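Taken together, the values in this text are just the output of simple stated rules run on the coordinates, not laboratory data. Source: prediction; values computed, not measured. Note that we place each Cβ from the backbone using ideal geometry, even for glycine, and neighbour counts take in every protein chain shown.
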Ligand code: UDX
């Protein structure tokens, strides 16, 4: 919305939320999220044509176009628990829009939703306010965190789905005109509602599948002595495949990939497409395997136990340049190590201690259901320490795990880190950010995902399955 306000000075944009504290933060000098370039854009238009307000009903009533971007988390209870999208928030937003509307409106689905959600929303809107014409559009968002402003300023494409009726087509044109302020027209793709809804799920599923494919290869590389970075480079040189999104890692995270794939799996199952559902399920299963494989490498390398040993965790966010920890691989890795009674010292340049402790105390999917939050377990508090410096985290540690690819981890003084650690000093790089040869020269025992193994790591027996 900030980018729309920035690019379209004549359009008034009001961002509304029932959470007053969030709105206050958006109106303050310290925005509630960290995203490179966002501060500048918000500050350029706030008070001009970009406003933040908790007066939801007033501004929805006045709007011509309402973008709905409420949470659509994975259901944790009832039918479809663990897979289906929970549309509670969407449904209540739609009922509120119907209640307060006094003029015709275009209602835009920005949240990623199961296919055919628009149909349900349309029913709620039209049955609750018969005098108003509501046009539902699907306009999925493809930005990635950390590069959001760039992605918004120069999107690969903007997708708009609408009803194939004269009113539907008119609504599509209205929204298209908004984006046409800065996006070339041939990059604004229009299609039917269901194709637009499914395209978002399909794009995320295929992106995640690429990562699971390269991560699956990383296991084979370790077993054979191949180097996954070299394999990915060679594969990506094929112009049909392309070089992006082929970095092996400790596992993908973020609020979208797992949730959207599980949702896709559920939709396939509901449509009787068991084979298709199983195919996509594998993408999530390989991701879980990659995280537990990493934990096993750590434990087995460190003489089959990390009990009572200090392990430094460098990076907790799900990727660099964000403070977001939703579904971050770090949560599962830390749980694995805590299960083996390790003592963790965590450092991330953007994630607060509170957030880390809360994440480690949560059950799966709870992050998106604040009402299910668990009180922090006393064990977690005793076993985890959060510090504000990589050197502090690694001091006296037996091992270091790099779980986010922050640029600063490439530039650390690893000799200094080595000198301050217990010996033998282990380093486990889940993001391929360190120079393996240099670190081995310093004296570290190094594991880097998908790279030829240090004999020390290789010769140890595998840890029993957790
Ligand atoms: C994703 C989609 O990219 C975006 O289009 C959609 O709108 C939302 O979901 P995001 O979750 O912000 O965006 O980040 P993304 O860059 O896709 O990374 C997702 C995860 O995959 C991260 O944990 C990242 O570290 C990991 N990843 C990415 C890899 O492990 N290897 C890669 O090569 C790329």
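When DSSP beta bridges are restricted to pairs lying wholly in the chain, around 5% turn out antiparallel.
Rule-of-thumb check for region 2-200: C-alpha Rg over 2.2 N^0.38 Å? In units of the 2.2 N^0.38 Å rule of thumb, it is 1.01.
What fraction, in whole percent, of alpha-carbon pairs in the chain exceed 45 Å separation? Spell out each step's value before the answer.
Numbers: 17590 of 108345 pairs.
Counting every Cα pair in the chain, those more than 45 Å apart make up 16 percent.
Using only the Cα atoms of region 128-284, what semi-axes does the equivalent ellipsoid have when each is the square root of 5 times a gyration tensor eigenvalue? Give whole Å, largest first.
On the way: eigenvalues 252, 86, 30 Å².
Value: 36, 21, 12 Å, ordered largest first.
Averaging the Cα positions of each part gives two centres, and for region 170-188 and region 197-249 these lie 33 Å apart. The C-alpha atoms of the chain define a longest principal axis, and helix 274-301 lies at about 30 degrees to it. When both bridge partners sit in region 2-200, DSSP labels roughly 10% of those beta bridges antiparallel. The label point for residue 1 and the one for residue 182, both projected 7 Å from the Cα toward the Cβ, are 1.7 nm apart.
Computing FRET efficiency as 1/(1 + (r/R0)^6) for residue 99 and residue 296, where r is the C-beta to C-beta distance and R0 is 51 Å, gives about 0.45.
A viscosity of 0.890 mPa s and a temperature of 25 °C, combined with the Kirkwood radius over Cα pairs in Stokes-Einstein, give a translational diffusion coefficient for region 257-459 of 138 µm²/s.
Given the -39500 (n - 2.57) contribution per DSSP H run of 4+ residues, what per-residue ellipticity at 222 nm results for the chain, rounded to the nearest 500 deg cm²/dmol? Spell out each step's value before the answer.
Numbers: 19 runs with 206 residues, N = 466.
Calculated at 222 nm, the ellipticity per residue is -13500 deg cm²/dmol.
The length gained by stretching the chain between residue 144 and residue 278 to full extension, at 0.36 nm per residue less their Cα-Cα distance, is 45.6 nm. For a paramagnetic label modelled on residue 91 (point 7 Å from Cα along Cα→Cβ), amide N atoms under 18 Å away belong, within region 264-280, to 267. Rounded to the nearest whole angstrom, the semi-axes of the ellipsoid equivalent to region 53-132, taken from the Cα gyration tensor as √(5λ), stand at 24, 13, 10, largest first.
Label-to-label distance for residue 48 and residue 126 is 4.0 nm, based on points extended 7 Å past Cα in the beta-carbon direction. Tell me the angle of helix 257-270 to the major Cα principal axis of the chain, expressed in degrees between 0 and 90 and rounded to the nearest ten. The angle comes out near 60 degrees.
Which order do the peptides 307-315, 353-361 take when ranked by the mean count of other beta-carbon atoms within 10 Å per residue, highest first? Could you put the intermediate results ahead of the total?
Numbers: 307-315: 22.2, 353-361: 18.1.
Highest mean packing first, the order is 307-315, 353-361.
Taking label points 7 Å from Cα along the Cα-to-Cβ direction, residue 289 and residue 303 give a separation of 3.2 nm. Remark on region 213-348: Rg and Dmax equal 16.9, 49 Å (Cα only).
Using alpha carbons only, how many degrees (0 to 90, rounded to 10) separate the axis of helix 329-339 from the longest principal axis of the chain? Tilt of helix 329-339: around 50 degrees.
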